[in-house]
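Written out below as structure tokens is the structure these notes cover.
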Amino acid sequence: MKKIILASGSPRRKMLLEWAEIPFEVYVSDADESFLDGGDPADIACQIALVKNKVSYDVYEKSDTDFVIISADTIVVFNEKIIGKPKSRTEAIETLTLLSGQTHRVITAVCIADRTNQVLFSETTKVSFHELTLSQIEHYVDTYQPYDKAGAYAIQEWIGVVGIKNIEGDFYNVMGLPVSKVVQKLEEIFLTANDDHQLKSTSSLISG
């Protein structure tokens, strides 16, 4: 039976895999998430996801465990510029003011690897905000403190409920993981016949 490892400390990614009823454990690595400006955003996200996967893979490769590593990186892109995690209240307010009334892209790259296979892909979702007032932005930042979130917001929180005008693509991708595609990749490539029971409930949903 393969052990599925989520190489991420994100509580949102953890929650999404739990919702998919996938048994897994978490390994949080100290992978370098820095990148050089100017590259294609999807390629940058893929490279970071790949680095995260390799750091975790190197740890489990030394064991006798039959494993699959899942890593991911989510970035927000507006006007072809990557919008990172805000470092302060002021920066969070400035970011949300920039995104207010506009459409941006959320790109999540995922790397899935075992001892013999590796899949690397990205998913893009377009998100449009209503015009947000300064008081709405300040309320969200002060209440939810989105300093660990790319683009300074989480779509599943208050601002997503009142501020999102339209979404084009996978909602869960904006949360940090295109979980249905991840499940499909696990089923198609990495799980042997002996592992089918691990995704029994999920498989029935996909096939249906």
(message) For the structure I just gave you, tell me whether residue 157 is at pLDDT 95 or above, of a type in the set (D, E, K, R) and under 20 Å from residue 9 (Cβ atoms).
(response) yes
(message) When the residues of region 45-88 are narrowed to those that are out of contact with any strand residue (DSSP E or B) (no Cβ under 7 Å at 6 or more places or on another chain) and part of a helix (DSSP H, G or I), which ends up farthest from residue 163 (Cα to Cα)?
(response) 61
(request) Give region 54-64 a look and list any residue that's under 22 Å from residue 75 (Cβ atoms) and either at pLDDT 95 or above or hydrophobic (A, V, I, L, M, F, W, C) (or both), or say none. (result) 55
(request) Within region 144-178, count every residue that is surrounded by fewer than 18 Cβ atoms within 10 Å (Cβ to Cβ) and within 14 Å of residue 124 (Cβ to Cβ). (result) 4
(request) Would you kindly identify the strands (runs of 3 or more DSSP E) lying entirely within region 89-192 that contain at least 3 residues that are touching a helix residue (DSSP H, G or I) at 6+ places or on another chain (Cβ under 6 Å), of a type in the set (S, T, N, Q) and without any contact (Cβ under 8 Å) to a residue 12 or more places away in the chain? (result) none
(request) Could you list all residues from region 135-162 that are of a type outside the set (S, T, N, Q) and at positive phi? (result) 151, 152
(message) Return the residues of region 16-42 that are modelled with pLDDT of 90 or more and touching a helix residue (DSSP H, G or I) at 6+ places or on another chain (Cβ under 8 Å); say none if nothing qualifies.
(response) 16, 17, 19, 20, 21, 22, 23, 24, 26, 27
(request) Would you mention how many residues in region 96-141 are closer than 30 Å to residue 68 by Cβ and among the β-branched types (Val, Ile, Thr)? (result) 10
(message) Among the residues in region 90-98, are any surrounded by 19 or more Cβ atoms within 10 Å (Cβ to Cβ) and of a type in the set (Val, Ile, Thr)?
(response) yes
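The values are calculated or read from the model by the stated rules, or taken from the named source; none is laboratory data. Everything numeric here is computed off the predicted structure, so don't read it as measured data. Cβ sites come from the backbone with ideal geometry, for glycine too, and all protein chains shown count toward neighbours.
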